[in-house]
1. Examine the range 177-188 for a residue that is aromatic (Phe, Trp, Tyr) and under 30 Å from Tyr238 (Cβ atoms), and state whether such a residue exists.
2. Where in the range 179-252 are there strands (runs of 3 or more DSSP E), lying wholly inside it, with at least 2 residues that are touching a residue at least 12 places away in the same chain (Cβ under 8 Å) and under 30 Å from the mean Cα position of the chain (by Cα)?
3. Among the candidates Ala37, Ala27, Ala47, single out the residue that is modelled with pLDDT under 75 and surrounded by fewer than 12 Cβ atoms within 10 Å (Cβ to Cβ).
4. Take the residues in the range 235-267 that are within 19 Å of Arg109 (Cα to Cα) and surrounded by 15 or more Cβ atoms within 10 Å (Cβ to Cβ), then tell me which one is modelled with the highest pLDDT.
5. Suppose the filter is crowded, with 21+ Cβ neighbours inside 10 Å, closer than 30 Å to Thr228 by Cα and free of Cβ contacts under 8 Å to residues at least 40 places away in the same chain; does Ala146 pass it?
6. Quickly run through the range 128-159 and pick out the residues that are touching a Gly at 6+ places or on another chain (Cβ under 6 Å) and not in a loop (DSSP other than H, G, I, E, B).
7. On the basis of being under 30 Å from Lys234 (Cβ atoms), touching a strand residue (DSSP E or B) at 6+ places or on another chain (Cβ under 9 Å) and among the polar types (S, T, N, Q), does Ser88 make the cut?
8. What pairs come out if I take residues in the range 119-142 that are without any contact (Cβ under 8 Å) to a residue 40 or more places away in the chain and pair them with residues that are in a loop (DSSP other than H, G, I, E, B) whose C-beta lies under 8 Å away, six or more apart or interchain?
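The values are calculated or read from the model by the stated rules, or taken from the named source; none is laboratory data. None of the values given here were measured: they were computed from a predicted structure. In this analysis, Cβ positions are derived from the backbone assuming ideal geometry, glycine residues included, and neighbour counts consider all displayed protein chains.
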Amino acid sequence: MTLSSPLLLAVGLLVTAALAWAAVVSARRRTAALAAAGVAVPGGRRAYLGVGLTIAGVGTLAVATAGPAAMVPVPRTAGTVILAIDVSNSMGADDVAPNRLTAAQRAARAFVEGQPDSVDIGVVAFEQGALTVARPDDDHSLALKAIDRLKVAGGTSLGTAITASLSAITGKQVTVGRDGATPDIGYWPSATIVMFSDGQNRGSDVEQAAAAAQKAGVRIHAVGIGTTAGATVKVDGYHLQTSLEEDTLTLIAQTTGGAYHPASDIARLDGIADTIDLRLTVSDEPLPLAGGLIGLALALLTAGAALTVLRSGRVI
């Protein structure tokens, strides 16, 4: 149990102790006076039950004024979500109207708008390199603004996208060694990466990066943007054929315990937010106890006053 005002509790208990001491002294004097007069004390200890209940009520009220709270486990949808969005040149293809990047932005926005405030959301934009354009935060407007600013450029490295997302989750630089060694970055089971990409990849460290995410307990949901038929995109004056590469995205998702979500048209993209299952976490949250204690204190004070009046005909 925690207290918001320990000083008030100390003062209240001192007052309660003083009242108890005064009641004992008064009872002894009354008993002595009656004994000196040759009168037996009526009721014995039961005669002081009303006074005891009144003092107990004052003590309970003292505890209530200190703002007590019990820490109770509360399950909720919480954690960190990193939206890793592919901004490579191939995302300019128009096999998903109006183009892949715009479709990914729309799906990402729908996902953000569907999450509760208890989820911190960040955004990583990636091509050959990767950049955290919005750090994880419960202010989702920051993620939405970052999504709207994305533009196509460069090639694609899915491995870099994963390690950059892990860096955003952990708050420290995460890299995969040249020897393929998986870095130890701790365990982050309440973190999820949602990757929006067409799966076109030029890097060679995808499997190692996915293994690093799996070791850290971070699931990756991969959202495939585009069609397997593909489209032609113009890059530096050249016309290049590009299509959705589902195998790589599926591998990433399966390695980390996530799922691959194909989304070849806008209608299917709109439902992505509903298909991604965030984890439930249990966190200790304070449960205020003052209200219940005040009710108990009033009940004790009322009972004490009633017993005192019934037995003595007056209020002590």
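1. No, that holds for no residue.
2. Output list reads 191-197, 219-225.
3. Ala37
4. Tyr260
5. yes
6. The answer is Ala134, Arg135, Pro136, Gly159.
7. yes
8. Gly129/Gly154; Gly129/Ser157; Val133/Arg149; Val133/Leu150; Asp138/Asp117; Asp138/Ser118; His140/Gln115; His140/Asp117
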